[in-house]
Amino acid sequence: MQVRNILLKQDEMPRQWYNILADIKLNPPLGPDGNPVKPEDLAPVFPMNLIEQEVSSERWIDIPEEVLNIYAIWRPSPLVRAYGLEKALGTPAKIYYKNESVSPPGSHKPNTSVPQAYYNKVFGIKKITTETGAGQWGSALSFACAQFGIECKVFMVRVSFDQKPYRKSMMEMWGGKCVASPSTETKAGRDALARDPDTPGSLGIAISEAIEAAVSDQTGQTRYSLGSVLNHVMLHQTIIGLEAKKQLEMVGDYPDIIIGCAGGGSNFAGLAFPFVLDKMNGKQIEIYPVEPAACPTLTRAPFVYDHGDTAGYTPLLPMHSLGHAFVPPPIHTGGLRYHGMSPTVSQLVAEGLFEPKSVSQLDALKTGITVARTEGIIPAPETTHALAYVIQEAEKAKQESKEKVILFNWSGHGLLDLGSYDKYFTGSLENYILSDDVLAESEKIFANYPKPQLLKSR
Ligand SMILES: *Cc1c(COP(=O)(O)O)cnc(C)c1O
């Protein structure tokens, strides 16, 4: 029998997260006065224990016992050898994936929602606000808040709210409250509606709403939570790559190629970061974040200082960005419709350690259907972007007759995204490729912004 699932025992789960800030240099986030942000400036937005993690440069950070106990509902996640896909492609490459679809909400996101809810609880917070694109983050945070008895309020990007009604049901199942964004509940939402009453919404707008709702709460016991982009989110996600490394060791393999889809960068970073130090120390690994061609943050947008949200409430972050006013086309991969990118991932792209790629949504979904038939799991539309590039590399390995080891992250399942596949089957799904004019227009916003330095970590 082929061993498809390479499994760690529960007590072999890693007990520490890997913090890449110990090994790379980053431009600091800047406040409204143009100076680096101080931890206390962030105190109205996040609990101090998470702010400490955000700025920590300790290489290894202990995972609290309470968090491990909840991770144990679905972790360690399987490392799967994709025999079905390998056979269908006739490739000599060995293809492995981390199956992050096995968590209760169905994606990698609870790897960070659980510790975030835990640290908020420890800090005495009673309610957390957040935004969600496709609804995966909102459901992951609702799930985590339910574990710790915290209230959860979610601003969900309008287009996804309409396309994916069952995500809202999932949030409600776990006690979360969900409204469509832009909403009339916040100034940021009302302003966005005044600019365009028919706006599909964007993550940037929804983030502004959620931050505003947190900081304007008079009780002082509400904070905001972000599901990607920030350093502490990347930190929590490294459990993926740390497990994968152990699992590959069990079968005597090491990746030649690492691939993940990238929206804000967290599932990709979670898989890739634990291998970056090896690469810096001379290991030959090719590492590829893959994004939608309709929202080409890493492949076509500049490395700049920009706000993480549309209203400009967040500090300026050093990142690849399409501009905080950019409203991405309403593609079917809500989780990848974000104007910016994690500063840590952006920094490593700027240093040439990661090589970003983009694929169109039709190619991505088509690949998702092929892979569902060979591997069985129905992938999230986000994951299909990674899959499309995995197939390109597997075919290259075939042409070169090389037994490459390809490792990728299966970031989530698509059981609540069947509407998108349905559109594909009925031929009503289109590709969106951004024109250079639209890009140039949205980049004008950076004209008077400070520029990040080109730092070299090694
Ligand atoms: C949210 C999400 C993504 C994109 O977010 P990242 O922070 O880039 O990982 C990708 N896949 C799935 C299934 C998601 O839910």
Subject >> So Tyr288, is it on the phi < 0 side of the Ramachandran plot, touching an Asp or Glu at 6+ places or on another chain (Cβ under 6 Å) and of a type in the set (Phe, Trp, Tyr) >> reply: yes
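Give the stretch 394-409 a look and list any residue that's among the charged types (D, E, K, R) and in contact with a Lys or Arg (Cβ under 7 Å, 6 or more places away or on another chain), or say none.
Glu403
Take Asp278 and decide whether it is acidic (Asp, Glu) and either touching a Gly at 6+ places or on another chain (Cβ under 7 Å) or modelled with pLDDT under 95 (or both). First the steps, then the outcome.
Values: acidic (Asp, Glu): yes; either touching a Gly at 6+ places or on another chain (Cβ under 7 Å) or modelled with pLDDT under 95 (or both): no.
It is false that Asp278 is acidic (Asp, Glu) and either touching a Gly at 6+ places or on another chain (Cβ under 7 Å) or modelled with pLDDT under 95 (or both).
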Subject >> Listing of helices (runs of 4 or more DSSP H) fully contained in the stretch 153-263 that carry 2 or more residues being more than 16 Å from the ligand (Cβ to nearest atom) and out of contact with any Phe, Trp or Tyr (no Cβ under 6 Å at 6 or more places or on another chain) >> reply: 158-163, 165-173, 187-195, 203-215, 239-250
Original post:
Are there any strands (runs of 3 or more DSSP E) wholly within the stretch 284-367 with 3 or more residues that are of a type in the set (A, V, I, L, M), touching a strand residue (DSSP E or B) at 6+ places or on another chain (Cβ under 8 Å) and assigned by TED's automatic domain parsing to the domain that holds Thr426, and if so which?
Top reply: 316-320
**OP:** Pairs only if they're at least six apart or on different chains, beta carbon under 7 angstrom, first in the stretch 394-412 and assigned by TED's automatic domain parsing to the domain that holds Leu336, second of a type in the set (Lys, Arg) and within 16 Å of the ligand (Cβ to nearest atom); list them, first residue then second.
**Re:** Asn409/Lys98; Trp410/Lys98
Original post:
Do the conditions hold for Gln453, that is, is it not assigned by TED's automatic domain parsing to the domain that holds Gly323 and not aromatic (Phe, Trp, Tyr)?
Top reply: yes
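Scan the stretch 116-152 for residues that are away from the ligand (no atom under 15 Å from the Cβ) and not hydrophobic (A, V, I, L, M, F, W, C) and jot them down. Even if it seems obvious, please write down each step before you answer.
Of the stretch 116-152, the ones away from the ligand (no atom under 15 Å from the Cβ) are 117-129, 145-152.
Answer for the stretch 116-152, where residues must be away from the ligand (no atom under 15 Å from the Cβ) and not hydrophobic (A, V, I, L, M, F, W, C): Tyr118, Tyr119, Asn120, Lys121, Gly124, Lys126, Lys127, Thr129, Gln147, Gly149, Glu151.
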**OP:** Could you list, in sequence order, all residues of the stretch 201-255 that are aliphatic (A, V, I, L, M), within 17 Å of the chain's Cα centre (by Cα) and under 15 Å from Ser113 (Cβ atoms)?
**Re:** Leu226, Val229, Leu230, Val233, Met234, Leu235, Ile239, Ile240
Original post:
Going through the stretch 330-365 one residue at a time, which ones are more than 13 Å from the ligand (Cβ to nearest atom) and under 16 Å from Ile433 (Cβ atoms)?
Top reply: Pro330, Lys357, Ser358, Val359, Ser360, Gln361, Leu362, Asp363, Leu365
**OP:** Please give the number of the condition Pro104 fails out of (1) in contact (Cβ under 8 Å) with a residue 60 or more places away in the chain; (2) assigned to a loop (DSSP other than H, G, I, E, B).
**Re:** (1)
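If you check Ser103, Ser77, Ser113, Ser56, which single one turns out to be under 26 Å from Gly334 (Cβ atoms) and in contact with a Leu (Cβ under 7 Å, 6 or more places away or on another chain)?
Details: Ser103 fails: in contact with a Leu (Cβ under 7 Å, 6 or more places away or on another chain); Ser77 fails: in contact with a Leu (Cβ under 7 Å, 6 or more places away or on another chain); Ser56 fails: under 26 Å from Gly334 (Cβ atoms).
Only one candidate qualifies: Ser113.
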**OP:** Scan the stretch 64-77 for residues that are outside any helix (DSSP H, G or I) and crowded, with 19+ Cβ neighbours inside 10 Å and jot them down.
**Re:** Arg75, Pro76, Ser77
**OP:** Might you let me know whether the stretch 53-73 holds any residue that is within 20 Å of Met171 (Cβ to Cβ) and within 16 Å of the ligand (Cβ to nearest atom)?
**Re:** no
**OP:** Among the numbered conditions (1) touching a residue at least 60 places away in the same chain (Cβ under 8 Å); (2) of a type in the set (Val, Ile, Thr); (3) within 16 Å of the ligand (Cβ to nearest atom); (4) surrounded by 24 or more Cβ atoms within 10 Å (Cβ to Cβ), tell me where Thr310 comes up short.
**Re:** (3)
**OP:** Check Tyr305 against each of (1) among the aromatic types (Phe, Trp, Tyr); (2) crowded, with 24+ Cβ neighbours inside 10 Å; (3) modelled with pLDDT of 95 or more; (4) under 25 Å from Ser225 (Cβ atoms) and name the one condition it does not meet.
**Re:** (2)
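The values are calculated or read from the model by the stated rules, or taken from the named source; none is laboratory data. Here the structure is a predicted model, which is why all the values come from computation and not from measurement. As a convention, Cβ positions derive from the backbone with ideal geometry for all residues, glycine included, and neighbour counts pool all protein chains shown.
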